[in-house]
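First comes the structure, then the notes that go with it.
The values are calculated or read from the model by the stated rules, or taken from the named source; none is laboratory data. Since this is a predicted model, take the numbers as computed values, not measurements. With ideal geometry, Cβ positions are generated from the backbone for all residues, glycine too; neighbour counts draw on all protein chains shown. We work out accessible area using only protein heavy atoms, side chains counted, and drop any ligands, DNA or RNA first. Shrake-Rupley method; radii C 1.70, N 1.55, O 1.52, S 1.80 Å.
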Amino acid sequence: IVSFLEKFKLPKALAIAITYIVVIGIIGSVISFTLTPLINETYNLAQNFPQYTSKLLPENIPVDRSLLQQELGNFSKNALEFTFAIFSNFLALISVLVLTFYLLLERENLDKLISQFFIRKEERVKRITKKIEEKLGAWMRGQIALSFIIGGAAYLGLSILQIPYALPLAIIAGVLEVVPVIGPIISAIPAILIAYLASPFLALMVALIYFVIEQLENHLIVAQVMKKAVGLNPLFVILAV
């Protein structure tokens with residue numbers, strides 16, 4: 001984004017500032033839109049989890065149910081501690097933002113610094129560094145796009161079936177999208193278990209939705225997104241997956 005804005009003759013510091021405002025504005029809007037329902041649904045899920053466990057575990061299974069329910073009942077307490085941890089790390093976030101600002105500001109000087117370690121090959125090293133940065137950045141943007149697509153598809157499917165806690169379950173699916181192979185499988189488990197509490201047929205439908213999403217992801221979405229982002233041929237992406 002900074003490189004794009006610099007083409008309009010904007011000073012680099014101003015281009016970085018505009019980029020920060022846009023990115024933080026987008027993230028803030030997404031958080032404000034999803035935070036309230038996410039907190040409510042997650043809190044309800046934490047409160048009801050011991051009850052769900054009782055339904056999922058028949059009486060004849062030799063499991064210490066009281067201990068399990070006690071641990072699951074502490075989930076809300078752990079969630080509160082996690083919230084405090086987020087605020088305690090706010091200073092670290094500010095430090096990262098400031099560090100990123102100066103890294104962007106000194107971007108060209110970093111190229112020169114790296115190339116100095118390779119005598120008589122400075123220009124080649126600069127070109128290789130630029131290609132690595134472009135491809136890695138493109139892959140990262142593609143991965144973020146995939147997370148949003150998978151999370152959105154999961155939320156749509158769960159909402160149509162009226163599965164409780166669709167939003168946190170969809171966010172789990174989007175986040176675990178970055179974990180190769182097993183990520184989609186892990187994200188499907190809590191959704192299927194919650195649906196099973198309503199009816200086995202509903203659990204089967206949820207499993208089917210996640211299966212369809214995973215198949216579309218592996219054979220279509222990943223190939224097309226990475227083709228747009230990284231420039232890889234869809235056939236090679238499918239073979240690699």
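Here are a few things to note about the model shown:
- Helices (runs of 4 or more DSSP H) contained in segment 5-97 and holding at least 1 residues at pLDDT below 60: 65-73, 75-88
- Set side by side, the residues L103, L146 differ, and just one is hydrophobic (A, V, I, L, M, F, W, C) and more than 22 Å from the chain's Cα centre (by Cα), which is L103.
- Residues being over 24 Å from L10 (Cβ atoms) and modelled with pLDDT under 85 - total across segment 98-118: 4
- Against the criterion of being touching an Asp or Glu at 6+ places or on another chain (Cβ under 6 Å), among the aliphatic types (A, V, I, L, M), closer than 25 Å to K228 by Cα and modelled with pLDDT of 85 or more, I150 qualifies.
- Yes/no for V125 being open to solvent by less than 80 Å² (accessible area, probe 1.4 Å), at pLDDT 85 or above and in contact with a Ser or Thr (Cβ under 9 Å, 6 or more places away or on another chain): yes
- Residues in segment 191-208 that are free of Cβ contacts under 8 Å to residues at least 60 places away in the same chain, open to solvent by less than 40 Å² (accessible area, probe 1.4 Å) and aliphatic (A, V, I, L, M): A191, A195, L202, A203, V206, A207.
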